[in-house]
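See below for the structure under consideration.
Just so it is clear, none of the values below were taken in a lab; they were calculated from the coordinates. Since the model is a prediction, treat every value here as computed from it, not as a measurement. Neighbour counts run over all protein chains shown; Cβ positions are idealised from the backbone, glycine included.
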Amino acid sequence: MADPAIRSHRPDTEPPPYTPPRRVSAGERLNGMVRLMRPHQWIKNGFIPAPLFFTPAAVSAATVATVLLGTLCFCLVASAVYILNDRLDREVDRRHPTKCRRPLAAGTVTPGAAMVMMAVLAAGGLAGAALLSPAFMAVAAGYLLLNVGYSLGLKHRAIIDVLIIAIGFVLRVEAGALLAGVVPSVWIIVCTFLLALFLALAKRRDDLVKQLDATHRQALNGYSKPFLDSAFTATAGALLVSYAIYTTDTDVMARLGSERLYLTIPFVAAGILRYLQIIFVEERSGSPTRIVLTDGFMIGAVAGWIATFAILLYL
């Protein structure tokens, strides 16, 4: 008769029985490939048409078409970056409470298929960008290289990770300005950088609120809630002041043909305060994109801001 000690120890030392992978249907695979591109994140590329929107004199059918095509090219490049990031983070994402549902982490899309998709999207986006404008293609390529570096390791460095995210939004504005043939105001560049930095810092705080640690994101070792609270409160204040300066700058008012741009300030203030409420009171700042798309107050603030600007500039 076998020794009981040996018998009880055996299950801990023997490997678990082999479990064959679950068969994924064609529909699940197609849905996974679409989700892998993260189309809901394309709203971030709305910063590309912004320079044209803020320059009524440059608006024409041809310019609008060029900017829209350029935005589509940028969406393809951005999706390629998302796929690379998900491929590199597949194992870590499997231990995350929500990211475990991502197609690569969940196994609905194979790593090989994902890499093929990434290459096709990146090549297609850059090729289309080159046809529109070599300078625009250079900015898109710079965005791609910056984010490849982010995915390969820079995202693990606290502060550097959020700065790269913010720079990515500035590149979007610069890309849109090149397509529209305009020079963006330095203040709109500053406001774009500060807004993106504010949202990135809020996302890091949400990770800490969810009690995630360095096993999910190494950069979290360099953050704490008190630090992030101070950082994005300061950033929010700087953003509001910079936007107020932008709307009252004499050169900006002359370029846009309106001396009442300050009327848009309340909508910006409302959006910032609502986001701070979401962060501090509701503690649910996980996805800025989803908040902007689903929170009624934020939707109203953004819609009011756009509508007021449209009236001031075009009516």
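General remarks:
- Stokes-Einstein D for the stretch 250-305, Kirkwood Rh over Cα pairs, 25 °C, 0.890 mPa s (µm²/s): 196
- Fewest-first ranking of K99, K155, K225, using other Cβ atoms within 10 Å as the exposure measure: K225, K99, K155
- Farthest toward positive dipole pole in the stretch 146-274 [+1 Lys/Arg, -1 Asp/Glu at C-beta], among L212, A234, G168: L212
- Inverse of mean 1/r across different Cα pairs in the chain, Kirkwood, Å: 21.6
- Stretchable slack from T233 to L293, in nm (0.36 nm times residue separation minus alpha-carbon distance): 19.3 nm
- Top of I48, I188, I299 by mean-square fluctuation, Gaussian network on the chain, Cα under 10 Å: I299
- Stokes-Einstein D for the stretch 29-157, Kirkwood Rh over Cα pairs, 10 °C, 1.306 mPa s (µm²/s): 102
- The residue list A135, S79, A58 was ranked by how far each Cα lies along the charge dipole of the stretch 29-157 toward its positive end, using unit charges on Cβ atoms, and S79 comes out on top.
- In summary, the stretch 185-315 shows an alpha-carbon radius of gyration equal to 1.17 times the 2.2 N^0.38 Å reference for compact globular proteins.
- Placing +1 on the Cβ of every Lys and Arg and -1 on the Cβ of every Asp and Glu, with no other charges, gives the chain a dipole of roughly 740 debye about its Cα centre.
- In the chain, the DSSP-assigned H stretches of four residues or longer account for a calculated mean residue ellipticity at 222 nm of -22500 deg cm²/dmol, using -39500 (n - 2.57) per stretch and the full residue count as denominator.
- Most mobile of L178, L195, L212 in a GNM of the chain (Cα contacts under 10 Å): L212
- Longest segment of the chain lacking GluC sites (Glu not before Pro) that sit in a DSSP loop with at most 15 other Cβ atoms within 10 Å: 1-258
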